[in-house]
Amino acid sequence: MRRLTCLTALALLAMLILVPSAAAQQNQTVYIQDFYFSPASITVEPGTTVTWINQGNAPHTATHTGGAFDSGTLQPGQSYSYTFNRVGTYAYYCQIHPYMTGTVVVGGGGGAAYFAGSATASPTASPTATATTLATTGGPAVVPAVTLAASLALVVSGLTALRLVLRRSSS
Ligand SMILES: [Cu+2]
């Protein structure tokens, strides 16, 4: 009885820790310094929101060469976010200092899986949930898939334990 309650508590605790960490992977930060982007190149899953934070002393921009996104002038301390829903390689630069360049690669090797999964998904409906599901079907996203599987296993075991506890206390 006490052991089951303990198991349930552990399972719930693990859920609280694991689930947000899986969701936290949907955000990435690029720091803008004087005069470079750090890291200059990042690879993210579709649906990831990238935030550029100007940590330098000069104003900077993060401007896509193809016009998909443009932060405008970011004064020191200001930030700009853009959500990458489409697979591709996005080269960007600073309009004030054009020698500052960076790249965001969306999809990595999982592009095929992304397109297969996105055919039925509405582009406007809950991008976080969609991206999480896609991560489990994507080839290179092994770690998130394992994390999700572990979370699911814990949820199931936690609910089973909870049911046992409830059944025992009611009889
Ligand atoms: Cu700049």
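Candidates P46, P76: the one that is part of a loop (DSSP other than H, G, I, E, B) and more than 23 Å from the chain's Cα centre (by Cα) is P76.
Residues satisfying the criterion are present in segment 20-35 (criterion: aliphatic (A, V, I, L, M) and modelled with pLDDT of 95 or more).
Condition check ((1) within 11 Å of V104 (Cα to Cα); (2) surrounded by 17 or more Cβ atoms within 10 Å (Cβ to Cβ); (3) in contact with a helix residue (DSSP H, G or I) (Cβ under 9 Å, 6 or more places away or on another chain)) across all residues:
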| site | (1), (2), (3) |
| --- | --- |
| N27 | no, no, no |
| E45 | yes, yes, yes |
| A68 | no, no, no |
| Q75 | no, no, no |
| V87 | yes, yes, yes |
| A91 | yes, no, no |
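The set of residues in segment 52-72 being over 24 Å from the mean Cα position of the chain (by Cα) and near the ligand (Cβ under 9 Å from one of its atoms) consists of G56, A58, P59, H60.
The values are calculated or read from the model by the stated rules, or taken from the named source; none is laboratory data. Just so we're clear, the structure is a prediction, and the values are computed from it rather than from any experiment. Note that we place each Cβ from the backbone using ideal geometry, even for glycine, and neighbour counts take in every protein chain shown.
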